[in-house]
1. Go through Y33, Y381, Y311 and list them by solvent-accessible area, largest first, probe radius 1.4 Å.
2. Divide by every residue of the chain the summed helix terms, -39500 (n - 2.57) for each DSSP H run of at least 4, and state the resulting mean residue ellipticity at 222 nm, rounded to the nearest 500 deg cm²/dmol.
3. Report the charge-dipole magnitude of the range 3-147 in Debye, nearest 20, computed about the Cα centre from +1 at each Lys and Arg Cβ and -1 at each Asp and Glu Cβ.
4. Once ligands and nucleic acids are excluded and a 1.4 Å probe is used, how much of K45 is accessible, expressed in Å² to the nearest 10?
5. May I ask you to rank H225, H361 by accessible area, largest first, using a 1.4 Å probe over the protein chains only?
6. Could you identify which residue out of G15, G102, G72 has the top mean-square fluctuation in a GNM of the chain using Cα springs shorter than 10 Å?
7. What range in the chain is the longest one free of GluC sites (Glu not before Pro) that are in a loop by DSSP and have at most 14 other Cβ atoms within 10 angstrom?
8. What whole number of Å gives the distance from the Cα centroid of the range 309-342 to the Cα centroid of the range 37-94?
Amino acid sequence: MAKRLSILGSTGSIGVNTLQVVDMLGDEINVCYLSANQNGDLLIKQARTYHPEAVAVVDPEVARSVEKTLSGEGISVLKGREGLLELAARTDVDIMLNGLVGSAGMEPTLLAVNAGIDVALSNKESLVMAGELIARAQAETGADIFPVDSEHSAIWQCLAGEEKEDVRRIILTGSGGPFRTREAETFSEITVAEALRHPNWNMGKKITIDSATMMNKGLEVIEAHWLFRLPPDQIDIVVHPQSIIHSAVEFKDGSVKAQMGVPDMKIPIQYALTYPRHVESNWERLDLVKLGKLTFETPDMNRFPAIGLAYEALRKGGSTPAVLNVANEQAVYRFIKNEILFTDIPKIIQAACDQHEWIKHPKLEDLIQLEEWTKSFVNLYN
Ligand code: MG
């Protein structure tokens, strides 16, 4: 029987790639629900192609126009943030793919896990903010989280058939972003256009800026901690500019397993949907000979202070990673609007982490309140 799939954020980069994977898998997947923020035109096109039972549109005005256009086509339209959350809590799907951007994705992940639904997770911010809550919900309902993030998919694949107690450490690889070799003194002059030019991956704006500051790797350390339940000193970062080795696991006997592939999100998305199988696909193949060589470096923590901030937040625990995440996201949006410098991003994050009222075991209400506090903190910062 076909797997019943819901896709949150279907008009974004991950959503669009997921639908290409769905096309390739054919009858194996039945797309039941789609959601979009404000790209009504693309959502309407997707709805007419995949005939979901319902779609959710967060922007109320766009939602009304989507409803009007789709009326009589047997697709119900859920509106606003409420509508999105209602969709995320539905129990009549096998798997929910969360391709939402930023902290907006946290609550939907929690709702799905609470409902006992497996989540193919691209929204790493969910685990960064609410790792403890999600882990507790998983223990109660037995819902699984299948990583879509390429590094975590790689580690997941390397760990297949292995004992956790045999793991010495995991090695998260990162491209180093567009400023890997740029002079530190010129970082304050970095423009938005420069930061949006990623060397290897074609992704949404927020994650592309996160790659430029390397906060993306920092968030991935925290994500890895919750997915694989390892302490921060067993999670290392290695810069690998070619983005071919997506991550590796070192075992206690000295053996290292790495997972490779062309940098194409469709591969980890497909694995999350077809796990534990690696079924036939027609994506571009990896040609090792054509690549010639792969190189590796230590990340420069001085030029990329975001990495250290993320490790520090993970060690501190409690509410700090949630504040780190929201402060980062808001600072990135202010950078994109040219309101702050590239080098202000880590400064603002540090200030927010230091100044918030720390909570040891934040509940969902606490996280929602902290999100509001952090948003206004960042927006008032100058
Ligand atoms: Mg990644």
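The values are calculated or read from the model by the stated rules, or taken from the named source; none is laboratory data. Every value quoted in this text rests on a predicted model; they were computed, and no experiment measured them. Neighbour counts run over all protein chains shown; Cβ positions are idealised from the backbone, glycine included. The accessibility values were calculated without ligands, DNA or RNA, using every heavy atom of the protein model including side chains. Shrake-Rupley method; radii C 1.70, N 1.55, O 1.52, S 1.80 Å.
1. So the residues, ranked largest to smallest area, are Y381, Y311, Y33.
2. After summing the helix terms and dividing by the residues of the chain, the value is -14500 deg cm²/dmol.
3. So the dipole magnitude of the range 3-147 works out to roughly 240 debye.
4. 140 Å²
5. The ordering from most to least exposed comes out as H361, H225.
6. In the Gaussian network model the winner is G72.
7. Value returned for the longest uninterrupted segment is 184-279.
8. 31 Å
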